[in-house]
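Shown next, in structure tokens, is the structure this report addresses.
The values are calculated or read from the model by the stated rules, or taken from the named source; none is laboratory data. Since the structure is predicted, the reported quantities are computational estimates derived from the model, not experimental observations. Cβ coordinates were reconstructed from backbone atoms using ideal geometry, including for glycine residues, and neighbour counts include every protein chain displayed.
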Amino acid sequence: MQSVRSATYLRAALAQRSAAPSYLAAGPTMSLKQQTPRRYATEATPALTAAPEIDFDRMLQQRSARVVPASPSYFTGSPRFFDHLLNLESLLAKYAALPTVSANDSPRMAWLKLPAFRDLVGERIPSKKYRGLLKVLNRLNRIDPAIRPQEVRLALKEFLRPGNPYAAQSTTTSVDELGRARGKGKRKESSAVVSLVEGDGEVLVNGKSLVEAFPRVHDRESATWALRFSNRLDKYNVWATVRGGGTTGQAEAIALALGRALMVHEPALKPILRKAGVITVDPRRVERKKPGRVKARKAPTWVKR
Amino acid sequence: MTSAFCSGCLTQLRQTPRAILPPPSTAVPRTAAFHTSAPLQKVVQKAKASGYEGPRYRVGANVKIKKKGRPQEKSRPPPPGERKALRKRIVLSNPNALEVEGMQELNGETMVDSRLRGSVLALPVPMIDQLRAVQAFKTSQGWSIFRRPGTVSRRETLEMGRLFDQISNESAGDRSSLKRIITGQRKAGKSVHLLQAMAMGFTKEWIVVSVPDARDLVVGTTSYAPLSEAQPNLYVQNAATAELLSRTATANKKVLSNLLVSQEHAALPTVKPGMTLEDLAKFGIQDQANAWPVFQALWAELTATSATPGLEKHFTPRPPTLVTVDAVGYWMQNTAYHSIKHEPIHAHDFVFVRHFLDLLKPGKGKSALPNGGALLYATSSSNNPSIYAFDVALKQAAARHAGVNPSSSEFPLPEPYSKPDTRVLEALNSPKPTVSKEGMLNVQELGGLTKEEARGFLEYFARSGLLRETISDEWASEKWTLAGGGVVGELEKLGRRLRVAA
């Protein structure tokens, strides 16, 4: 019975895959009807009839003499990959004449990473080959989105990572109706939110003045560094809320948030702010303590015995 | 034959218990037939004589070399009082600093000149001794980095100068008075504001009475005693009062030596009418037991508007009085002193403190300062006690001055279950005075300098050679922000920071 069930399953699967590229033409299979149904012993068995004669002429008409793979890339070793590649290349050849936009203006796409692509095709693809595929994908992506054919859209969609990693950018990149720009920043354990308005250089941190929030001059300087470096300390008022961490972390979290808020007001300042070091995020956090160590790496005191 | 021994005596000899006999040479103790207790006591095995028995548990076997400690100081410690003198030393001049050209001195004209706002006014050299006498300078203020002491003329200073000028110009006997508690954040310049007031007082030949640090009276460092047998719950601090008299007499010598005793002082039989007030003060300095009655007499003389009948020839109109108290928050709590029942004494039970706090209230019948003048009490923000009742009382005083009715809902009240010190609330409960020209208690909050004032202040640093920068508006504005909105002490910190070009 088990064998019958698995055979049924296989048949159903084969029927489903008729649309998908099949690499081998399906060979002659037994039909279910040829199996004898189960009967009671008391029943009269019908008389056995011989199988019909094999019609070799018809058979040879239907099938070629040798088995031919459905995909032309069957013998490449990674046929699915090459199917994809050939498909994309044919699309590219078809639409090569369409106008393109520059790489910066084309929509940002999160292509599958190599391991995920390997899982998709089930073949061991070297990274160099995949890079070649990505080149074609990127060239197709440069086709002007306004007139991009549906065919290309669907083909590209196949290679996107599930979920859209670049869709989560919902931060407001404009000044609100009260003239405030908002920026967030993190450093160590601290996180800061800064509201920046045009003003005359007043700074409040958690409702306190800069001096009360940061008794150390160095911390005050680093908190306002984005404005100082761009000579705009007397042009904006800062309202910062900062939570967690210590003094240094809080000051540097404010610096980061302030840089981002300032970029909302003046996007052209980005290269200057990058030079000031308030664009690059410092992702370092405290390293965890390890068993057998006093701290993350510190070894216990050496004892002879 | 008789024996040499008496057998009766021998029989009375007790046999020594065996255990205390020396142990037998053999290891096994002999047991007696009938006696079980003593011989069964085992011979205690003595611990072995000290010999090496290998390393102890978890003890290193390394050779231990005894470390030598710090080399002991061979020299003697400095004599008593020298360290304190060094700590309290006030340096008012730095010969290495450049002399600022065209620096104006504080005088009657410059203290009201609004064109000089933001510039630093030097304190006149003769006045410095007076200011030292009232201990107006503090060690934490950066006097020692400039060539000569000077203070920045800010908006509040000019306003105060105008008020002082106005009070001085009023006719004697009809002068107005000013009562203020000065608050503000740390390093906002509250103590220097008092110093400026004192300097203006000396300029205008007022009498300046100053308590340089209210803390000294409550931390248990001066002697105290009950005031009298009739009033055992009031306490007097004679040494502190004598010091106050000494400060006042030294600083106001010129004014006090021209004023004569013109009142009757029944408590002080040695005080004769016609002697100068300076001599009166010296009575209290020399005889500390009498310091408090002498201070009361001096205060009565200073606040007199006319002479006792018969003594008119000694009377001259009294000048206005300036009273300053710094760190007044210390007077709003229990002190470190104890009563005879070992209960802590509240600061308001000291007559010294009570005298100065009572001045805040409107006088009965006549003004608290009948000859005019000013009461300026400053709070402190560094190392000060946190007293909730005082915070509320300050808010209430400000509201009363603004005209908020104490029964209205806008009047600030303490939180319901906070148990504020009612004596503190009562001490600052100063309603609108009935006597005309007597000022009402107000709270003045000192903030930061404006940007223009900050620029002038920083220019003074540059001209003194401390700051090697080109002072521009942008640069000064940046420092203004970094100083938390022009907090003057923070500006000083930024101005004196040496920057070395890399």
Subset of segment B:299-346 [assigned to a loop (DSSP other than H, G, I, E, B), under 19 Å from the mean Cα position of the chain (by Cα) and among the polar types (S, T, N, Q)]: B:GLN333
If you go through B:LYS451, B:LYS437, the only one that is surrounded by fewer than 21 Cβ atoms within 10 Å (Cβ to Cβ) and in contact with a Phe, Trp or Tyr (Cβ under 8 Å, 6 or more places away or on another chain) is B:LYS451
Between a first residue in segment B:411-426 that is assigned by TED's automatic domain parsing to the domain that holds B:ARG400 and a second residue that is of a type in the set (D, E, K, R), which pairs have beta carbons less than 8 Å apart while being 6 or more apart in sequence or on different chains? B:PRO412/B:LYS395
Within the bounds of segment A:103-114, is there any residue that is part of a helix (DSSP H, G or I) and in the same structural domain as A:ARG80 (by TED's automatic domain parsing)? yes
Taking the conditions exactly as written (without any contact (Cβ under 8 Å) to a residue 60 or more places away in the chain and farther than 23 Å from B:ALA172 by Cα), does B:ALA291 satisfy them or not? yes
Please find, among B:ARG186, B:ARG215, the residue that is out of contact with any strand residue (DSSP E or B) (no Cβ under 8 Å at 6 or more places or on another chain) and within 14 Å of chain A (Cβ to nearest Cβ). B:ARG186
Test result for A:LYS290, more than 27 Å from A:PHE214 (Cα to Cα) and surrounded by 11 or more Cβ atoms within 10 Å (Cβ to Cβ): yes
Every residue from segment A:206-231 that is more than 10 Å from every other protein chain (Cβ to nearest Cβ) and either surrounded by fewer than 24 Cβ atoms within 10 Å (Cβ to Cβ) or in a loop (DSSP other than H, G, I, E, B) (or both): A:ASN206, A:GLY207, A:ARG216, A:HIS218, A:ASP219, A:SER222, A:TRP225, A:PHE229, A:SER230
Out of all the residues in segment A:138-152, is one or more surrounded by 14 or more Cβ atoms within 10 Å (Cβ to Cβ), within 15 Å of A:PRO115 (Cα to Cα) and assigned by TED's automatic domain parsing to the domain that holds A:HIS84? no
Listed residues B:LYS395, B:LYS479; which is charged (D, E, K, R), part of a helix (DSSP H, G or I) and surrounded by 18 or more Cβ atoms within 10 Å (Cβ to Cβ)? B:LYS479
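The rows are residues; the columns are (1) touching a residue at least 24 places away in the same chain (Cβ under 8 Å); (2) within 12 Å of chain A (Cβ to nearest Cβ); (3) farther than 21 Å from A:ASP234 by Cβ; (4) not small (Gly, Ala, Ser).
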| position | (1), (2), (3), (4) |
| --- | --- |
| B:PRO433 | yes, no, yes, yes |
| B:GLY448 | yes, yes, no, no |
| B:PHE457 | yes, no, no, yes |
| B:LEU466 | yes, no, yes, yes |
Across (1) within 14 Å of chain B (Cβ to nearest Cβ); (2) assigned to a loop (DSSP other than H, G, I, E, B), A:THR280 clears everything bar (1)
